[in-house]
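See below for the structure under consideration.
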Amino acid sequence: MLAGLLVHEGRRVTVADPHPERRAQAAELGARAVEALDRCDLVFEAVGRPSAWCDAVAAAAPGAVVVLVGGCPKGSETALPTGPVHYDELELRGSFHHAPAEVDRALELLAEGAFDWRVLAGPTIGLDDLPDVLARRADGRAVKWVVDPRG
């Protein structure tokens, strides 16, 4: 979703993901899709795993900005390598997502057809299915579920 919004704004976006299905989705949204990043001047981490935070720092070029968008589970900790942060003068930024104004803007863009959201559409699930779905390992396609509280 983040890649699609950035592409819509006219940005050149590269998405790194080990899953070929997700790389294909990123390409459908207009991003360049790769298995691993080269050194980049601006890196967004949007997965929310401590290991991905470390991968984001490793992908940053000297002087780069690393934006940590993906919220890690509560209580998570990670050790970042000090060399790149200090000697390469990386700038690390935390970014809490889903502020009401941002959600409103995202919904407007979806309604306008800014990009084909169906690339990310998953199945409709009921509330009873939600705990199992959230606990599953996220392999394969990236999907956004519709949760129907009546189902």
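The values are calculated or read from the model by the stated rules, or taken from the named source; none is laboratory data. Remember, predicted model here, so these are calculated numbers, not experimental data. Glycine gets a Cβ as well: all are built from the backbone with ideal geometry, and neighbour counts include every protein chain shown.
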**Study point:** Residue in the range 102-120 that is acidic (Asp, Glu) and touching a helix residue (DSSP H, G or I) at 6+ places or on another chain (Cβ under 8 Å) present
**Key:** yes
Check your understanding: Between residues in the range 135-147 that are loosely packed, with under 12 Cβ neighbours inside 10 Å and assigned to a loop (DSSP other than H, G, I, E, B) and residues that are modelled with pLDDT of 75 or more and among the basic types (Lys, Arg), which pairs lie under 9 Å by C-beta distance while being six or more apart or on different chains?
Key -> Gly140/Arg22
Practice item. Please go through the range 75-131 and pick out each residue that is in a helix (DSSP H, G or I) and acidic (Asp, Glu). Key: Glu102, Asp104, Glu108, Glu112, Asp128, Asp129
Review point. Are any of the residues in the range 35-52 closer than 27 Å to Trp117 by Cβ, of a type outside the set (Ser, Thr, Tyr), buried (at least 16 other Cβ atoms within 10 Å of the Cβ) and more than 15 Å from the chain's Cα centre (by Cα)?
Key: yes
Review point. How many residues are surrounded by 14 or more Cβ atoms within 10 Å (Cβ to Cβ), aliphatic (A, V, I, L, M) and modelled with pLDDT of 90 or more when one looks only at the range 70-117?
Key: 4
Exercise for review: Hey, can you tell me all the residues within the range 7-29 that are over 17 Å from Arg118 (Cα atoms) and out of contact with any Asp or Glu (no Cβ under 7 Å at 6 or more places or on another chain)?
Suggested key: Glu9, Gly10, Arg11, Arg12, Val13, Thr14, Val15, Asp17, Pro20
**Study point:** Sole exception among (1) loosely packed, with under 15 Cβ neighbours inside 10 Å; (2) within 18 Å of His8 (Cα to Cα) for Pro20, by number
**Key:** (2)
Review point. Looking at Leu42, is it at pLDDT below 95, among the hydrophobic types (A, V, I, L, M, F, W, C), over 16 Å from Gly4 (Cβ atoms) and not in a helix (DSSP H, G or I)?
Key: no
Revision key, fill the gap. Within the range 127-151, the residues that are at pLDDT 75 or above, closer than 27 Å to Ala3 by Cβ and among the aliphatic types (A, V, I, L, M) are Leu130, Val133, Leu134, Ala135, Ala142, Val143, Val146, Val147
Revision key, fill the gap. Per the filter on the range 5-29, residues more than 15 Å from the chain's Cα centre (by Cα) and not in a helix (DSSP H, G or I) are Glu9, Gly10, Arg11, Arg12
